[in-house]
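Heads up: the structure comes next, in structure tokens.
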């Protein structure tokens, strides 16, 4: 790690006097870059840390964004700049800290930073050299061990419970899948196999099924319900809203009834008579599956086998814990449109099983997304274009009071438009009746509040207009957008605002991110803005917003992962920090890759490669995409290979003076060698030859 600081700042910190070149601490001076500025190293050779994959989404990292360094804390990303270090030119990531101090991070060490994510107010920049961030991490670590202990304890107690063994005939399951009318994606197939295996294991299943909107989570759940019913067990499917409950009921009934599986619905809009009849039938074993909302909490079942929670991230922690305690000896499948944070996935993989649906259905296309100012001509053209291609339109207007007025405005533009108004104050019976009419194409436009964001599946609706889009959260907008384009026809989403030029900065960021990430599966990209914070907090069971605000979400999750691994006696891969101080010019040249964003993405990928073959694959890809690499670019790939070989051979530093090369091992021993010249290519060739033939030192 390199720091650039002015003479005044250094003297004020009591570190260095540029004029007299007097060191008051023991960093290694690397290079003067001006009369008032110097670069020096703060690397601690003895410090070890775990090899891990960086979580930065580089498409999302821009100059001015906050990042968090695992040792120095929160700073501002200021881009990439080149500097001459030890006679060689290097690319450095510049991070600004309090007091205009700067951290210059060699690009090969990008895995030590993450983009800063936390909800609420802006973070406070840390001050370099004060050690305050280290103390903050220690206090967070203590609390995280408590949280990790709770998670491990709950998982351990559930693991001791013997669960029902639910098995299903493979032929019957294949016949059920064949009736779906589409080919399953590989992810769906894998998830179903995992669930069927869990159900038959005799061990209790606690699986999380994550997938972007429209990626087929419900179909996977129906396979579990089918297996339970054929094995003689009952299922409960719990949904957060009445509308989603009704939608699931219709889907399950149409898919499962032909196979003799009895499905019923139970929510607050079901009449008392129907509710009592359903409860009696469930208790008597006359029903195989019941779909409902919170009304399902605590119902009695004759032979309950599995509980499925849909939109898991929309239930509170206490509600989910209540469900687990009510049905503690039955299998549990949670479904969520919130992508699983990768590090949390790794952390919980030993105590909670997970399946991800990352592949879109083969016939689905991305939803084209536009941010537009409100304009009657635009609204008219958008609606007419959808009607001309035989489709229908969702118009989201999130104010019940002015919904009738909005309907009148649309009628004034298009007098013959058939509009259905839908919101939470309309009774469930009427809602179901009207939705059936809409599905039967008796209406052209469904004018509704955001209650349609969950579970509505209407392949005929492929255009959505969202009024006042700047007042919605990113997760809500992404969920809403997922309601169109669900068949084989391309969907369109229009985010309408009053004035694009006068949006708040936060609203602009949300809408730009949504507009630029409209490809299938983009939920995983958007997760780092909004979805991940809520979903991750709920998964953990303790959002700990204060700690997340202080150190950032990514570092918080990484520390939680470490705590869980320690408590479950898992070995963690560690590596020593490697200092490569060779006088060679090594960087991805802007003549080869002109865009900073693309170079940063390549640096990120290279920083988390774990084998030389991965680096050579990326080098080959660069050749295919951008043309033959020039000398500095080729040498950077070779430096990355040297770094990995040093980790493997337990070497902590490689340096040179002219032709003389020094190899220093972690145990303190040293080796010296000579290259045929002090040219860059000869130095690199000599080091690579030594590393490929040297045996690792015993520590």
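The values are calculated or read from the model by the stated rules, or taken from the named source; none is laboratory data. All values derive from a computational prediction rather than experimental measurement. Here the Cβ is made from the backbone with ideal geometry for all residues, glycine too, and neighbour counts use every protein chain on show.
For residue 606, indicate whether it is surrounded by 18 or more Cβ atoms within 10 Å (Cβ to Cβ) and either touching a strand residue (DSSP E or B) at 6+ places or on another chain (Cβ under 9 Å) or farther than 24 Å from residue 83 by Cβ (or both).
no
Only one residue in 278, 272 is surrounded by fewer than 19 Cβ atoms within 10 Å (Cβ to Cβ) and either over 37 Å from the mean Cα position of the chain (by Cα) or at pLDDT 90 or above (or both), so which one is that?
Exactly one of 278, 272 is surrounded by fewer than 19 Cβ atoms within 10 Å (Cβ to Cβ) and either over 37 Å from the mean Cα position of the chain (by Cα) or at pLDDT 90 or above (or both), namely 272.
Out of all the residues in the stretch 611-620, is one or more surrounded by fewer than 20 Cβ atoms within 10 Å (Cβ to Cβ), within 29 Å of the chain's Cα centre (by Cα) and assigned to a loop (DSSP other than H, G, I, E, B)?
Looking through the stretch 611-620, at least one residue is surrounded by fewer than 20 Cβ atoms within 10 Å (Cβ to Cβ), within 29 Å of the chain's Cα centre (by Cα) and assigned to a loop (DSSP other than H, G, I, E, B).
Are any of the residues in the stretch 287-295 in the same structural domain as residue 206 (by TED's automatic domain parsing), outside any helix (DSSP H, G or I), more than 27 Å from residue 179 (Cβ to Cβ) and modelled with pLDDT of 80 or more?
Within the stretch 287-295, one or more residues are in the same structural domain as residue 206 (by TED's automatic domain parsing), outside any helix (DSSP H, G or I), more than 27 Å from residue 179 (Cβ to Cβ) and modelled with pLDDT of 80 or more.
When you scan the stretch 238-245, do you find a residue that is modelled with pLDDT of 85 or more, within 19 Å of residue 297 (Cβ to Cβ) and either touching a helix residue (DSSP H, G or I) at 6+ places or on another chain (Cβ under 6 Å) or in a loop (DSSP other than H, G, I, E, B) (or both), even just one?
yes
State which residue pairs qualify: first residue assigned by TED's automatic domain parsing to the domain that holds residue 483 and closer than 24 Å to residue 500 by Cβ and inside the stretch 459-471, second residue assigned to a helix (DSSP H, G or I) and modelled with pLDDT of 90 or more in any location, beta carbons under 9 Å apart, and separation of 6 or more residues or different chains.
463/382; 463/383; 463/385; 463/386; 465/379; 465/382; 465/383; 467/406
Just to be sure I understand, how many residues within the stretch 386-406 are in contact (Cβ under 8 Å) with a residue 40 or more places away in the chain and under 22 Å from residue 477 (Cα atoms)?
13
Does residue 382 fit the bill of being surrounded by 17 or more Cβ atoms within 10 Å (Cβ to Cβ) and either in contact with a helix residue (DSSP H, G or I) (Cβ under 6 Å, 6 or more places away or on another chain) or outside any loop (DSSP other than H, G, I, E, B) (or both)?
yes
Go through the stretch 410-423 and report how many residues are touching a residue at least 12 places away in the same chain (Cβ under 8 Å) and touching a helix residue (DSSP H, G or I) at 6+ places or on another chain (Cβ under 9 Å).
Qualifying residue count for the region: 9.
Inspect all residues belonging to the stretch 132-145 and state whether any of them is at pLDDT 70 or above, outside any helix (DSSP H, G or I) and over 18 Å from residue 560 (Cβ atoms).
No: the stretch 132-145 contains no residue that is at pLDDT 70 or above, outside any helix (DSSP H, G or I) and over 18 Å from residue 560 (Cβ atoms).
Take the stretch 245-300 and flag every residue that is out of contact with any strand residue (DSSP E or B) (no Cβ under 8 Å at 6 or more places or on another chain) and on the phi > 0 side of the Ramachandran plot.
260, 298, listed by residue number.
Go through the stretch 414-435 and report how many residues are more than 17 Å from residue 466 (Cα to Cα), at pLDDT below 90 and either in contact with a strand residue (DSSP E or B) (Cβ under 8 Å, 6 or more places away or on another chain) or part of a helix (DSSP H, G or I) (or both).
Counting residues in the stretch 414-435 that are more than 17 Å from residue 466 (Cα to Cα), at pLDDT below 90 and either in contact with a strand residue (DSSP E or B) (Cβ under 8 Å, 6 or more places away or on another chain) or part of a helix (DSSP H, G or I) (or both) gives 8.
How many of the residues making up the stretch 164-201 are surrounded by fewer than 19 Cβ atoms within 10 Å (Cβ to Cβ), part of a loop (DSSP other than H, G, I, E, B) and under 32 Å from the mean Cα position of the chain (by Cα)?
Number of matching residues: 5.
Output the residues belonging to the stretch 657-694 that are touching a residue at least 40 places away in the same chain (Cβ under 8 Å), under 19 Å from residue 578 (Cβ atoms) and out of contact with any strand residue (DSSP E or B) (no Cβ under 9 Å at 6 or more places or on another chain).
Once the filter is applied, which keeps residues that are touching a residue at least 40 places away in the same chain (Cβ under 8 Å), under 19 Å from residue 578 (Cβ atoms) and out of contact with any strand residue (DSSP E or B) (no Cβ under 9 Å at 6 or more places or on another chain), the stretch 657-694 yields 688, 692.
With the structure loaded, tell me whether residue 639 is surrounded by fewer than 18 Cβ atoms within 10 Å (Cβ to Cβ), in the same structural domain as residue 89 (by TED's automatic domain parsing), under 40 Å from the mean Cα position of the chain (by Cα) and within 29 Å of residue 78 (Cβ to Cβ) or whether it fails that test.
No.
Tell me which residues, restricted to the stretch 640-652, are assigned to a helix (DSSP H, G or I) and either farther than 17 Å from residue 110 by Cα or in contact with a helix residue (DSSP H, G or I) (Cβ under 7 Å, 6 or more places away or on another chain) (or both).
640, 641, 642, 643, 644, 645, 646, 648
Taking the stretch 653-670 only, how many residues are farther than 23 Å from residue 109 by Cα and surrounded by 14 or more Cβ atoms within 10 Å (Cβ to Cβ)?
1
Which numbered condition in (1) within 30 Å of residue 249 (Cβ to Cβ); (2) part of a loop (DSSP other than H, G, I, E, B); (3) at pLDDT below 75 is the only one that residue 400 fails?
Failing condition for residue 400: (3).
If we only count strands (runs of 3 or more DSSP E) wholly inside the stretch 63-120, which ones have 3 or more residues that are surrounded by fewer than 20 Cβ atoms within 10 Å (Cβ to Cβ)?
Fully inside the stretch 63-120 and qualifying: 73-85, 88-96.
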